[in-house]
1. Let's test the formula: R0 of 45 Å, r as the Cβ-Cβ distance of residue 69 and residue 105. What FRET efficiency results, to the nearest 0.05?
2. Using +1 at the Cβ of each Lys and Arg and -1 at the Cβ of each Asp and Glu in the range 1-63, identify which of 53, 10, 24 lies farthest towards the dipole's positive end.
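FYI, it's all coordinate maths here, none of it is from the lab. Everything numeric in this text was worked out from a predicted model, so none of it was measured. Note that we place each Cβ from the backbone using ideal geometry, even for glycine, and neighbour counts take in every protein chain shown.
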Amino acid sequence: MKISIVIPFYNERGNVNIIYKRLSVTLRKYFRNFSYEIIAVDDGSQDITLELLKKLRKKDNNIKIIGFSRNFGHHIAITAGLDHAAGDYIVMMDGDLQDQPEEIVNLFNKLKKGYDVVYAVRKNKKFGILKKLSSSLFNYIIKFLINENIIINSTIFRIMTKQVKESIGQLRESNRYIVGLVGWVGFKHGYCFVEHGERSNGKTKYNFFKQLDLAINAITSFSDYPLKIANRVGLLLVMASFVLNIYIIFRKFAYNTPIIGWTSLFSSIILIGGIQIILLGIMGEYLGKNYIESKKRPLYVIKTKLL
C-alpha cells in the first residue's frame with residue numbers, strides 16, 4: 001500500500017524544511033506498513049523554495065518535485081500533484097503549516113470507517129476576526145449560489161481514495177475549484193475535526209480580494225444559478241417599473257398630481273444602471289469562461305520534474 005501527500009508551494013522558503021521534517025516523522029510513525037511519496041509542486045515561486053526542495057530531494061527519494069514555468073495558481077498546482085500521485089490513498093494539504101501533518105492519521109482512520117473522502121474541519125481557528133468573518137461569508141455565498149447537491153468545504157486538507165483521484169483527473173476544465181471538483185464527482189464523504197495550525201513563516205496568499213475572486217470562480221464554475229437570479233431580477237425591475245408607471249398615470253388623471261422629482265428620477269436611473277452593469281458582469285463571467293475553455297490550452301507547463 002502507498003500513500004501520496006500532495007503539497008503546493010508558492011514562496012514558502014520558511015516552511016519547506018519544517019513541513020518536510022514533521023511529515024517524515026508522521027509518516028514513519030503512523031504509516032510503517034506503507035510506502036509513501038511527498039509530491040511538492042512549486043507554483044512558480046520567486047524565492048528559493050524550489051532550491052530547498054531540490055536539496056531535500058537529494059537526501060530523500062520519497063520527495064517528488066514538480067516545478068512550474070510560472071505561477072499558474074493554487075488549485076492548478078494541486079491538480080498537477082494529483083495527476084502525478086501514484087498512491088492508493090492521496091492527501092491534499094497546503095504548505096504553510098496551517099494543515100498540520102500530525103492530523104493525517106486522524107483523517108486516514110476516519111476514511112477506513114467506510115468513506116471515500118474525508119475532509120478536515122478546523123477547530124480553534126488561529127485566524128483574526130476579519131479573516132474568520134470573510135471565510136464564513138465566503139462559504140455561505142458559495143453554498144447558497146452554487147445551489148447544487150454537492151459537498152463544498154473550503155478547506156484543502158483532506159484524504160481520498162485512488163478511485164476518487166482518478167475520477168477528478170477526468171475533469172480538465174481550466175477554471176478550477178479543486179474542492180468543488182472533489183464534491184462534484186460524488187462518492188461517500190465524511191469529515192474529521194482537526195486542530196488548526198499557525199502559519200509560522202510568510203504571509204497568507206489569500207487576502208479578501210483573492211477570496212472574492214475564488215468565490216466568483218467557484219460559483220460560476222459549478223452553477224448557472226446566478227444567471228437565473230439575474231433573469232429574475234430583470235423581470236422584477238420590469239414589473240416594478242410597470243406598476244410605478246400605472247400609479248403615476250392614475251394620480252395624474254385622478255388627482256391632477258404634477259409629475260415632479262428629478263432627484264428621485266436620477267437616483268432610480270443610477271440604481272437601475274448599476275443593477276444592469278452587475279447583471280452584465282455576471283453574464284460576462286460565464287462568457288469569459290467559455291472563451292478560455294475553448295482555447296483548450298494545457299492546465300500547466302512544467303519546467304522542472306523530479307519524480
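1. 0.80
2. Farthest towards the positive pole: 24.
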